[in-house]
Amino acid sequence: MSNATTNRELTDDRLEKVAEQFRLLGEPMRLKILQAICGKPLAVSEIVAATGATQSNISRHLALLASAGIITRQKDGQFVYYGMTNPLTMKLCELVHNELLP
C-alpha cells in the first residue's frame, strides 16, 4: 500500500468487501475470462472460444463477476458484450504474477 493509504485503517465492512473481490479473483477461469476481455468487450461466444470453457460455465462466472461490479454488461441487439469495469484489476493480477517469477 502507498503511504497515503497506510495511515487510514479500513473498517470491517471495507475489509470484507476487499476479501470478497479477492475471493472472486481466486478462481483461475475467472482470471482467464478477465484476460480475454481486458483488451475489448467480447460476446459470450467469443469468451467461450478464447477460454475453451463451456457456455454454461462462462455464463455462471460472468454473472458472478458482473454482480460484483468487476465487469460490465452491454446489450447490443441479440448479443451481450462483457468488458472490464476497472483496468486496475488486471494490473493487480500482473503485479502478483511478476512477484511470483523467479
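The values are calculated or read from the model by the stated rules, or taken from the named source; none is laboratory data. These numbers were taken from a predicted model, which means no experiment stands behind them. Note that each Cβ is placed from the backbone with ideal geometry, even for glycine, and that neighbours are counted across all protein chains shown. For accessibility, only protein heavy atoms count, side chains too; no ligands or nucleic acids. Shrake-Rupley method; radii C 1.70, N 1.55, O 1.52, S 1.80 Å.
Among L31, L65, which is touching a Leu at 6+ places or on another chain (Cβ under 9 Å), surrounded by 12 or more Cβ atoms within 10 Å (Cβ to Cβ), without any contact (Cβ under 8 Å) to a residue 60 or more places away in the chain and assigned to a helix (DSSP H, G or I)?
None of the other options fit; the residue is L65.
Assuming T51 fulfils every condition listed in (1) over 12 Å from K32 (Cα atoms); (2) touching a helix residue (DSSP H, G or I) at 6+ places or on another chain (Cβ under 8 Å) apart from one, which condition is it?
The single condition T51 does not satisfy is (1).
Against the definition (open to solvent by less than 90 Å² (accessible area, probe 1.4 Å) and touching a Gly at 6+ places or on another chain (Cβ under 8 Å)), how does I37 come out, yes or no? Talk me through it step by step, then tell me what you get.
Values: open to solvent by less than 90 Å² (accessible area, probe 1.4 Å): yes; touching a Gly at 6+ places or on another chain (Cβ under 8 Å): yes.
For I37, the condition - open to solvent by less than 90 Å² (accessible area, probe 1.4 Å) and touching a Gly at 6+ places or on another chain (Cβ under 8 Å) - is met.
Can you tell me which residue is surrounded by the most Cβ atoms within 10 Å (Cβ to Cβ) among those in the stretch 40-62 that are assigned to a loop (DSSP other than H, G, I, E, B) and in contact with a strand residue (DSSP E or B) (Cβ under 8 Å, 6 or more places away or on another chain)?
Among residues in the stretch 40-62 that are assigned to a loop (DSSP other than H, G, I, E, B) and in contact with a strand residue (DSSP E or B) (Cβ under 8 Å, 6 or more places away or on another chain), the one surrounded by the most Cβ atoms within 10 Å (Cβ to Cβ) is P41.
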